[in-house]
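First up is the structure itself, then whatever we jot down about it.
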Amino acid sequence: MSTFTVDQTHSTIGFEVKHMMVSKVKGQFNNYTANVEAADLTDLTTASISFELDVASINTNNEDRDNHLKSADFFSTEEFGEIKFTATNIEKDGDDYKVTGDLTIKDVTKLVTFDVEYGGKGTNPWGVEVYGFEAETKINREDFGLTWNAALETGGVLVGKDIKIKVELELNPAA
């Protein structure tokens, strides 16, 4: 097994959620760590994958909203500072993969499956191998204790329940 590192300057762990039932708010976590080991990343089924996201690094390009998300209304970052994902099963699905694992938010752990697309392998200008992946899943935030909301006068709610998680990764062999 070889160890791979995430090139964070070319990777994003982001999300999107409906706002006021009509638009979407997008954001990302700026700080995270990953443990990726595999015999061969061109065959993801050989991999062991885990991630830890620093919830305090949430960034939606609005400081007031970010502070609200860090508060007890949502993530309670003082008490629950990390979101964790550990893959438990990886299956080939045509040219793509289904990566299933334990997602933990606020000490609630649920099994989720990411649809993962292998973007390919290349060599960067410095001679380092580069592997690309895109992954996506959808969760109900309320299943993880993220239940704050506000009713709208026109009907509906301020924040949607479904959160789309989008991950774009560039991996390199560890030096």
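Okay, here's what the table says:
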{"read-out": "The range 56-175 - percent relative contact order, Cα under 8 Å, separation 6 or more", "value": "18"}
{"read-out": "Positive dipole terminus of the chain, leading residue within 41, 1, 100 (C-beta point charges)", "value": "100"}
{"read-out": "Highest average packing first - 72-80, 160-168, Cβ atoms within 10 Å", "value": "160-168, 72-80"}
{"read-out": "Sites residue 73 and residue 111 - FRET efficiency at Förster radius 35 Å, r taken between beta-carbons, to 0.05", "value": "0.85"}
{"read-out": "Net charge dipole size for the range 89-143 [Lys, Arg +1 and Asp, Glu -1 on Cβ; Debye, nearest 20]", "value": "140"}
{"read-out": "Distance in nm between pseudo-label sites at residue 96 and residue 23 (7 Å out along the Cβ direction from Cα)", "value": "2.9"}
{"read-out": "Estimated 222 nm signal from helices in the chain, with DSSP H stretches of n ≥ 4 weighted -39500 (n - 2.57), rounded to 500", "value": "-1000 deg cm²/dmol"}
{"read-out": "Fully extended contour minus Cα-Cα distance, from residue 61 to residue 84, at 0.36 nm per residue", "value": "6.0 nm"}
{"read-out": "Nearest-20 debye value, the range 18-65 charge dipole, Cβ charges on Lys, Arg, Asp, Glu", "value": "440"}
{"read-out": "Separation of the residue 3 and residue 37 label points, Cα + 7 Å toward Cβ, nm", "value": "0.9"}
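A short reminder: the numbers here are calculations on the coordinates, not readings from a lab. The structure displayed is predicted, hence computed values, not measured ones. Note: ideal-geometry Cβ built from the backbone for every residue, glycine included; neighbour counts use all protein chains shown.
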